[in-house]
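The values are calculated or read from the model by the stated rules, or taken from the named source; none is laboratory data. Values in this document were obtained by computation on a predicted structure and should not be read as measured data. With ideal geometry, Cβ positions are generated from the backbone for all residues, glycine too; neighbour counts draw on all protein chains shown.
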Amino acid sequence: MEDDAKQEPAKLTMENIRHALIEKHGQPLSEDDPILMVASMFEMFQMEYDSTLKRHQAAIEKFMASNSTYYADKVKQSTDELLDRAIQGTIRNNIDAMADFKQSMTDFTKTNRLYSAVSLCTCLISVCLFLGWLGWYLLGRA
């Protein structure tokens, strides 16, 4: 982004436009030709656009500078609070948390086994029904 800001804007002069039109179309234009007014309008639009971009860039930089400081302070505050909680935690709290996790995992494993058994039964019933239908279909055709 900084490289773009450092680049020099293209110089759009009436003389450059006149020479370019002569080279491309072979038709010279007088200095008071109305077509050159379009070039002047484009030049004014370009200057206004550049000015607007500069204002927007300055506003964005100001916003980012003020908010980045605020958010950096908030992150530091949060990490300090987390560090305080971690320091205040005891080994017993960690052991209790691991025991709770172990119980949760045991319950989860039991539930998974139950779902696996139900899935197996459902699969067996589906296979039996399919085989029954297949037998009925084949016997019906014979």
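Which one of the conditions (1) among the aliphatic types (A, V, I, L, M); (2) at pLDDT 80 or above; (3) outside any helix (DSSP H, G or I) does residue 12 fail to meet, given that it meets all the rest?
(2) is the only condition that residue 12 fails.
Among the candidates 30, 40, single out the residue that is surrounded by 10 or more Cβ atoms within 10 Å (Cβ to Cβ), among the polar types (S, T, N, Q) and under 30 Å from residue 15 (Cβ atoms).
Numbers: 30 fails: surrounded by 10 or more Cβ atoms within 10 Å (Cβ to Cβ).
Within the list 30, 40, the selection yields 40.
Considering only the range 74-86, I want to know if a residue exists there that is outside any helix (DSSP H, G or I) and surrounded by fewer than 10 Cβ atoms within 10 Å (Cβ to Cβ).
no
Does residue 71 qualify as being of a type in the set (Ser, Thr, Tyr), out of contact with any Gly (no Cβ under 8 Å at 6 or more places or on another chain) and modelled with pLDDT of 80 or more?
Considered against the rule, which asks whether it is of a type in the set (Ser, Thr, Tyr), out of contact with any Gly (no Cβ under 8 Å at 6 or more places or on another chain) and modelled with pLDDT of 80 or more, residue 71 comes out as no.
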